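Peer 1: After the structure tokens below, expect a handful of questions from me.
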Amino acid sequence: MTYLLDTDFLSLATQKKRPHEEALRWLARHEQECCLPVVAMAEARFGAEQAPEDARQDLLAKLGMVREQFAGSILGVGEDVLVRWKQLLRDLKTARKTMTCEDTLIAATALQHDLTVVTRNTSHFAHSGCRTFNPIA
């Protein structure tokens, strides 16, 4: 694997009304090189469960399809990732920088597995030390 999909990129490709065409094309070309962090799956599920009732079932169904599509390449948060996460938190504190909890966990997953985070929000990961790539810049 080469790429770790951030939650925002996952959202682009699964939007209810109009998935982002460029994101879909990029994903189609690179799907075999991509994996998902369980953190992004949890964020997407939480968002779908909070959506208005008329959109909720469709979003959960799309999330189920994503889960099937990436069934063999969803990366969990095991002990090694959590140790890397704690190291990242220490480094951020030393540098007096902050990141959201979810982004630090995604960054730690990328760092532990030597992956590039695919995201529109590259600035969110600027202080993490992980590589980022915005395929629709």
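Peer 1: Being under 14 Å from residue 6 (Cβ atoms), at pLDDT 95 or above and surrounded by 13 or more Cβ atoms within 10 Å (Cβ to Cβ) narrows it down to one residue among 125, 70; which is it?
Peer 2: Answer to the selection: 125.
Peer 1: For the stretch 17-39, enumerate the residues that are at pLDDT below 95 and either in contact with a Ser or Thr (Cβ under 6 Å, 6 or more places away or on another chain) or outside any helix (DSSP H, G or I) (or both).
Peer 2: 17, 18, 19, 20 - these are the residues of the stretch 17-39 that are at pLDDT below 95 and either in contact with a Ser or Thr (Cβ under 6 Å, 6 or more places away or on another chain) or outside any helix (DSSP H, G or I) (or both).
Peer 1: Scan the stretch 123-133 and give yes if some residue there is in a helix (DSSP H, G or I) and under 17 Å from residue 39 (Cβ atoms), otherwise no.
Peer 2: yes
Peer 1: In addition: Which ones in the stretch 99-118 are surrounded by fewer than 20 Cβ atoms within 10 Å (Cβ to Cβ) and of a type in the set (D, E, K, R)?
Peer 2: Selection gives 102, 114.
Peer 1: Residue check, residue 96 against (1) of a type in the set (D, E, K, R); (2) within 16 Å of residue 5 (Cα to Cα); (3) free of Cβ contacts under 8 Å to residues at least 24 places away in the same chain, all met but one. Which one?
Peer 2: In the conditions (1) of a type in the set (D, E, K, R); (2) within 16 Å of residue 5 (Cα to Cα); (3) free of Cβ contacts under 8 Å to residues at least 24 places away in the same chain, residue 96 misses (2) alone.
Peer 1: Taking residue 56 as meeting all but one of (1) farther than 14 Å from residue 7 by Cβ; (2) crowded, with 17+ Cβ neighbours inside 10 Å; (3) more than 15 Å from the chain's Cα centre (by Cα), write down the number of the exception.
Peer 2: So residue 56 meets the others, but not (2).
Peer 1: Quick check on the stretch 62-82. Is at least one of its residues polar (S, T, N, Q), touching a residue at least 12 places away in the same chain (Cβ under 8 Å) and assigned to a helix (DSSP H, G or I)?
Peer 2: Yes, the stretch 62-82 has at least one match.
Peer 1: I'd like the residue in the stretch 71-115 that is out of contact with any helix residue (DSSP H, G or I) (no Cβ under 6 Å at 6 or more places or on another chain) and acidic (Asp, Glu) and, out of all such residues, is farthest from residue 31 (Cα to Cα).
Peer 2: My answer is 91.
Peer 1: Hey, could you check the stretch 83-122 for residues that are aliphatic (A, V, I, L, M) and assigned to a strand (DSSP E or B) and say which is nearest to residue 13 (Cα to Cα)?
Peer 2: 118
Peer 1: Which residues, counting only those in the stretch 42-99, are acidic (Asp, Glu) and closer than 14 Å to residue 127 by Cα?
Peer 2: Filtering the stretch 42-99 down to residues acidic (Asp, Glu) leaves 43, 49, 53-54, 58, 68, 79-80, 91.
Across the stretch 42-99, the qualifying residue is only 91.
The values are calculated or read from the model by the stated rules, or taken from the named source; none is laboratory data. Source: prediction; values computed, not measured. No Cβ is skipped: glycine too gets one built from the backbone with ideal geometry, and neighbour counts run over all protein chains shown.
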